[in-house]
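Before any comments, here is the structure.
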């Protein structure tokens, strides 16, 4: 196609004669370039013949997934307080087995740990020893009617954000927040109705659950702890706010639950969560409050706490994270029950499956008290007392190595 | 019009054409020919490929398909549609496997394999480089 006729049709003067030939050549080159670009933009090239590898990979054209998928992680955590005399090491490994059949999905987690765990996770499969526990952490059978309507039954975590995402391969910190497992019960056996609905912008998720909850609590006589099992029912609603181009994620949730104690007493719990992400920056926060009824006639009291965690991706594989925790686990008493902790950490993830974490902690307290309410590891991760007058803050370090794997 | 102004006009046309091609995405989203959608917004495509939505409105199961070793096109798809990076996407699937028991999409070894899977499965959705498009599948316009 020559541009010249079109040129004349729209009333423009033709180029001067003396450069006519050179101009024609230039015109043709440009025309050819334009045509080439237009053709490239509009016409797909003819498909090349499939290779032998392609033929093998699409044999049968089936997208069926394997009947059972196995994944897991192995982690090592070391937590060393100031002075180092109470350093704690934990080796832990979990296996996740997931099977899908039509609309049914069975998802379970099996955990092995050498730490003396005071946490309320799971069902012990063998009698726990001080240096070994083997547990079924969760097992849930879900039937998917619609994405927004799913029925599930089994043994499941109470759906606080940290409980649901507490895995060392996922978290940016070595230590769990103090409020984790301290206010809301850890897990329950029972049923739940849940679902998600995503619109073009935003959406929501919900969970309604009921069953028998479990949580580690003190014995009334102060002789240690036991695993309390009481009926529980609750619900959680998370709003995925439409945030357009301002944020990559903006989730805000509210969680209500009630635990039914012997004698008609109840624990009323509520909590909230917020998760924001924008580019390299992430923010996560949760709070939880519990009004604790006391079955033996003692005065009721409150438990409450929160954490605020911020993270920044320094480079493609490096994050820096900071968190502030505060919890008061018994409003009747001051001092040791009012816990504050500050944490600054660095996460190096050279490949997605491998995480290396280092943390420095500042925690109040001259002594460590083995308190099961304070988290999943023994001393001193979450075991600290408020600073007594004249006692400065203490410092500690933590590190962990986590490797995630999956088959097939 | 002088020669100089004509050159300017042609250069402008060339620049516009070039920009059109450079701005055009290197991938197209494809679905089975029976799929009832002609276009979907990026946000909804993101939900499909991140497996936050498991069924099409008419009940067919969604089978997202990713493309292995697709270089720049894959990076462009991951950032342009999924709004994330390869590293963060891998971490997302680790989280999903553990928390929900949801597996990442099947990875096709080549655009030809992706097209064959889409052509054979009514609920399948995939992306391929634009250059590999043919009429065995339906193109879903990205809005």
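Figures for the structure shown
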| quantity | calculated |
| --- | --- |
| Matching strands (runs of 3 or more DSSP E) fully within the stretch B:35-143 where at least 2 residues are in contact with a helix residue (DSSP H, G or I) (Cβ under 6 Å, 6 or more places away or on another chain) | B:63-67, B:124-129 |
| Residues located in the stretch A:240-255, provided they are surrounded by 14 or more Cβ atoms within 10 Å (Cβ to Cβ) and in a strand (DSSP E or B) | A:240, A:249, A:250, A:251, A:252, A:253, A:255 |
| The listed residue being in contact with a strand residue (DSSP E or B) (Cβ under 7 Å, 6 or more places away or on another chain), crowded, with 16+ Cβ neighbours inside 10 Å, modelled with pLDDT of 95 or more and under 25 Å from residue A:173 (Cβ atoms), out of A:312, A:270 | A:270 |
| Exclusive hit being exposed (fewer than 14 other Cβ atoms within 10 Å of the Cβ) and assigned to a strand (DSSP E or B), set A:237, A:283, A:287, A:226 | A:226 |
| One residue from A:330, A:373, A:325 being modelled with pLDDT under 75 and over 21 Å from residue B:95 (Cα atoms) | A:373 |
| Residue B:99, sole failed condition from (1) buried (at least 22 other Cβ atoms within 10 Å of the Cβ); (2) without any contact (Cβ under 8 Å) to a residue 24 or more places away in the chain | (1) |
| Single residue of B:19, B:39 found to be exposed (fewer than 15 other Cβ atoms within 10 Å of the Cβ), in contact with a strand residue (DSSP E or B) (Cβ under 7 Å, 6 or more places away or on another chain) and either at pLDDT below 95 or more than 10 Å from chain A (Cβ to nearest Cβ) (or both) | B:39 |
| Residue A:167 within 11 Å of chain B (Cβ to nearest Cβ) and in contact with a helix residue (DSSP H, G or I) (Cβ under 8 Å, 6 or more places away or on another chain) | yes |
| Scope the stretch A:244-283; condition in contact (Cβ under 8 Å) with a residue 12 or more places away in the chain and farther than 20 Å from residue A:160 by Cα; matching residues | A:244, A:246, A:247, A:248, A:261, A:262, A:263, A:265, A:278, A:279, A:280, A:281 |
| Identity of the residue in the stretch B:85-99, modelled with pLDDT under 90 and within 8 Å of another protein chain (Cβ to nearest Cβ), that ends up farthest from residue A:406 (Cα to Cα) | B:85 |
| Checklist (1) surrounded by 14 or more Cβ atoms within 10 Å (Cβ to Cβ); (2) out of contact with any helix residue (DSSP H, G or I) (no Cβ under 9 Å at 6 or more places or on another chain); (3) more than 14 Å from chain B (Cβ to nearest Cβ); (4) at pLDDT below 90 applied to residue A:65, failing item | (3) |
| Residue A:114 being surrounded by fewer than 17 Cβ atoms within 10 Å (Cβ to Cβ), closer than 30 Å to residue A:361 by Cα and either modelled with pLDDT under 85 or away from chain B (no Cβ under 14 Å) (or both) | yes |
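The values are calculated or read from the model by the stated rules, or taken from the named source; none is laboratory data. Treat the numbers as computed from the prediction; the structure is a model and nothing was measured. So basically every Cβ, Gly included, is an ideal-geometry build from the backbone, and we count neighbours across all protein chains shown.
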